[in-house]
Amino acid sequence: MLLGVHIQNYGLLADVKLGVLPEDFPFCPNHSKRADVAGVGKAMPLTNLVAIIGRNASGKSLFFNALEYASDCVQYGCADASTMRGRQGYASLVRQADRPIVFRLLFLPDSSEPHSYLSY
């Protein structure tokens, strides 16, 4: 189950975070206390139903395209994924050449011990 995602430099998505990431957990050495500062007792992981709401042209479809691209990268490699599904190649996905595309995904594997997480 996907608990959180962080996308950087994918098209217009400069820095998007949704759900929880390792630094949101108090036991993580890099705990950011982002949830504490926001007034939330604990960070909220993604659930089976998530609604993405926003104005037109705010990046909702691009967010899902980014997740699809990350999935394709894992399955087929970045070179092939950047030309699949109508994508124009890796150079067209990168907005600034000196800033690479970064995906951080936090999973809770289905068949794992409690509190066993996988970050990719």
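The values are calculated or read from the model by the stated rules, or taken from the named source; none is laboratory data. Worth saying up front: this structure is predicted, and the values here are computed from it rather than measured. Ideal geometry is used to build each Cβ from the backbone, glycine not excepted, and the neighbour counts take in all protein chains shown.
Scanning segment 70-86 for residues that are touching an Asp or Glu at 6+ places or on another chain (Cβ under 9 Å) and either under 12 Å from Tyr10 (Cβ atoms) or not charged (D, E, K, R) (or both) yields Cys73, Cys78, Ala81, Ser82, Met84.
For segment 1-56, taking the residues that are of a type in the set (Ser, Thr, Tyr) and closer than 16 Å to Leu105 by Cα, the one that is modelled with the lowest pLDDT is identified as Thr47. Checked against (1) of a type outside the set (A, V, I, L, M, F, W, C); (2) on the phi > 0 side of the Ramachandran plot; (3) modelled with pLDDT of 80 or more, His115 meets all criteria but (3).
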